[in-house]
Amino acid sequence: MTQSDRKLTMATNSAKYYDETALGYDALHDIEPEHTRAMQIGWPLLGNASSVLDVGCGTGRSLLWLDERYPRMELRGIDPSQGMIDIATRNLPRCTFQRGDGESLPFVSGSVDVAIATGIMHHVDNPSKVISEMFRVARKGILISDHNNYAFGGSLMRRVRMGLRVLGLLNAVTYIRQGFNRQGYSDGDGWWYPYSLFDNYAEIARQSENVFIFPTRQPTGDLGNLVFSQSHFGVVAIKAH
């Protein structure tokens, strides 16, 4: 199987999962506090915005948060799952939704003030490409809320995972542990990748004038270190001009 075939299969599997679970998705996931917290803390840092694009919008929950507070803001959403888009359209009839891929956003550069992505980076094959596309279409900046894979599991596993990352072996070891598959799967989260938002920090910072990083859940574990104890983060990046 070629790399392009592999990526197509992964994308198809992911979209199929969300199409099949769309009707019960909100009930299954209830309110995900880390993403709500990311919006509460991060949105004021972006300043005044008249338009936003939610990349991987799902059923539109982050856009609903914005719609309740900024009823005149132009809201757009894009998602690879038609089932999710159908529900988002019902939830937010005044918003504009379309089916599409975050790695190749069908929008012209600088077409919205802000691009956001809440909880999708650990589901995409190439987070760097999605982030690059978000910067391209956003005039002012971006907001991302997602996992920090180095803070999951027991204390020993957290240390081992970071050690493998430093040695450049983490992806290979993870691939083997997951049965020679880059993706993992759970009924509650579908197809996912082991992911840390910290892994994309440098490329975010290089494209930004200011970067704000903030935890969105309480610390866990007994190691104390920021990277080892905070499992979820938000990032706001103000574009460099």
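Structure summary
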| read-out | value |
| --- | --- |
| Residue tally, condition farther than 27 Å from residue 56 by Cα, outside any helix (DSSP H, G or I) and polar (S, T, N, Q), over the stretch 145-185 | 0 |
| Selected residue (criterion: surrounded by the most Cβ atoms within 10 Å (Cβ to Cβ)) from residues of the stretch 57-68 that are more than 18 Å from residue 105 (Cα to Cα) and out of contact with any His (no Cβ under 8 Å at 6 or more places or on another chain) | 59 |
| Condition met for residue 139 (farther than 17 Å from residue 226 by Cα, in contact (Cβ under 8 Å) with a residue 12 or more places away in the chain and open to solvent by 20 Å² or more (accessible area, probe 1.4 Å)) | yes |
| Positions within the stretch 186-218 being in contact (Cβ under 8 Å) with a residue 40 or more places away in the chain and either part of a helix (DSSP H, G or I) or more than 25 Å from residue 81 (Cβ to Cβ) (or both), in sequence order | 197, 198, 199, 200, 203, 204, 207, 208, 212, 214, 217 |
| Residues that are without any contact (Cβ under 8 Å) to a residue 12 or more places away in the chain and of a type in the set (A, V, I, L, M), drawn from the stretch 151-169 | 156, 157, 160, 164, 166, 167, 169 |
| Any hit, the stretch 150-160, residues being within 27 Å of residue 205 (Cβ to Cβ), open to solvent by 50 Å² or more (accessible area, probe 1.4 Å) and of a type in the set (Ser, Thr, Tyr) | no |
| Residues that are of a type outside the set (S, T, N, Q), closer than 24 Å to residue 16 by Cα and buried (at least 17 other Cβ atoms within 10 Å of the Cβ), drawn from the stretch 74-90 | 76, 77, 78, 79, 80, 83, 84, 85, 87, 88 |
| Residue satisfying condition, being surrounded by fewer than 22 Cβ atoms within 10 Å (Cβ to Cβ), over 19 Å from residue 190 (Cα atoms) and in contact (Cβ under 8 Å) with a residue 24 or more places away in the chain, within set 106, 93, 44, 71 | 106 |
| Residue list for the stretch 134-148, filter: touching a Ser or Thr at 6+ places or on another chain (Cβ under 7 Å) and within 16 Å of residue 76 (Cα to Cα) | 136, 137 |
| Selection within the stretch 109-121 - open to solvent by 10 Å² or more (accessible area, probe 1.4 Å) and either of a type outside the set (Gly, Ala, Ser) or in contact with a Ser or Thr (Cβ under 9 Å, 6 or more places away or on another chain) (or both) | 111, 113, 118, 119, 120 |
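Every residue, every condition in (1) open to solvent by 60 Å² or more (accessible area, probe 1.4 Å); (2) at pLDDT 95 or above, yes or no:
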residue: 202; (1), (2): no, yes
residue: 205; (1), (2): no, yes
residue: 208; (1), (2): no, yes
residue: 212; (1), (2): yes, yes
residue: 216; (1), (2): no, yes
residue: 221; (1), (2): yes, no
residue: 232; (1), (2): no, yes
residue: 235; (1), (2): no, yes
residue: 238; (1), (2): no, yes
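The values are calculated or read from the model by the stated rules, or taken from the named source; none is laboratory data. Keep in mind that what you see is a predicted model, and the values were worked out from it rather than measured. Reconstructed Cβ throughout: ideal geometry from the backbone, glycine too, with neighbour counts over all protein chains shown. Surface areas here come from the heavy atoms of the whole protein model, side chains and all, with no ligands, DNA or RNA. Shrake-Rupley method; radii C 1.70, N 1.55, O 1.52, S 1.80 Å.
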